[in-house]
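The values are calculated or read from the model by the stated rules, or taken from the named source; none is laboratory data. Bear in mind the structure is a predicted one, so any value in this text is a computation, not a measurement. All Cβ positions, glycine included, derive from the backbone under ideal geometry; neighbour counts span all protein chains shown.
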């Protein structure tokens, strides 16, 4: 077992598998400690799983999604679920944004303190979260970015949140990303097969209102050998996958293209690392 550790900070159950499932599985197999902190239980998510009654499941959706997350993390060898303890805020502009117990409305200092406690307990060398837009503008993703970025620095300062444990400094911090060119490539291939895409029908990079400009990507990790486990972990989130889901109807010949690599923006590194990396732990390995 390596002394190195990876922490992925996410907003809802299933986010960990979609954007970081490959690196979680890969680094766990390499003997690196891996963990996920999830800020909410996804209580306002869709309920579209086969045979599921939304009216019956809605009051206990948080418990359902926690169980799904447990299964996904088991597949990824990323430990047990760790929650920050807030409620899903729903999509931007919905009523859930106004709920005082939602993550979007959480007192910032309280949320940072909770995250500092997690970071100090787990002692990761590498932390991964979202960019400032949260990938696609979900308020909980944006809040995860804000809280994680402050907490990862505050965790190193003994005078801040002294009740949250001994100081710890993560040596590298990343934002998970999807390059615009990758979105367009998948969109074009799906359209050619007459299949729908969650990214719409856009076939030109300059027309994409989301995704990351290719030149901002610093790190591309090959996870093809762990792709099957990543996809299985995504499929573990049954309540979120309807029969027409993109994740259930993806052509086999495009699986490596869509799920065989994961992309990141290096936000901070305390150690010298290559300008372009193929490893989140570049520069940290002996």
Original post:
When you look at residue 134, is it assigned to a loop (DSSP other than H, G, I, E, B), closer than 18 Å to residue 84 by Cβ and modelled with pLDDT under 95, yes or no?
Top reply: yes
Original post:
Within the set of pairs 6 or more residues apart or between chains, which connect a residue that is under 17 Å from residue 258 (Cβ atoms) inside region 193-215 to a residue that is modelled with pLDDT of 85 or more and assigned to a strand (DSSP E or B) with Cβ atoms less than 7 Å apart?
Top reply: 211/179; 212/177; 212/179; 212/265; 214/179
Subject >> Residue that is surrounded by the fewest Cβ atoms within 10 Å (Cβ to Cβ), among those in region 237-249 that are touching a helix residue (DSSP H, G or I) at 6+ places or on another chain (Cβ under 8 Å) and at pLDDT below 95 >> reply: 248
**OP:** Could you please give the count of residues in region 216-231 that are assigned to a helix (DSSP H, G or I), in contact (Cβ under 8 Å) with a residue 12 or more places away in the chain and over 15 Å from the mean Cα position of the chain (by Cα)?
**Re:** 6
Subject >> Checklist (1) surrounded by 13 or more Cβ atoms within 10 Å (Cβ to Cβ); (2) assigned to a loop (DSSP other than H, G, I, E, B) applied to residue 234, failing item >> reply: (2)
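Looking for whichever is surrounded by 19 or more Cβ atoms within 10 Å (Cβ to Cβ) and over 15 Å from residue 68 (Cβ atoms) here; the options are 2, 19. Which one fits? I'd like the intermediate steps shown before the answer.
On the way: 2 fails: surrounded by 19 or more Cβ atoms within 10 Å (Cβ to Cβ).
The conditions single out 19.
Table: residues versus (1) touching a residue at least 24 places away in the same chain (Cβ under 8 Å); (2) assigned to a helix (DSSP H, G or I).
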site	(1), (2)
39	yes, no
43	yes, no
46	yes, no
52	yes, no
60	no, yes
71	yes, yes
79	yes, no
**OP:** Could you tell me which numbered condition residue 136 fails, if it satisfies all but one of (1) within 30 Å of residue 247 (Cα to Cα); (2) exposed (fewer than 15 other Cβ atoms within 10 Å of the Cβ)?
**Re:** (2)
Original post:
On the given criteria, is residue 252 surrounded by fewer than 16 Cβ atoms within 10 Å (Cβ to Cβ), under 30 Å from residue 152 (Cα atoms) and without any contact (Cβ under 8 Å) to a residue 60 or more places away in the chain?
Top reply: no
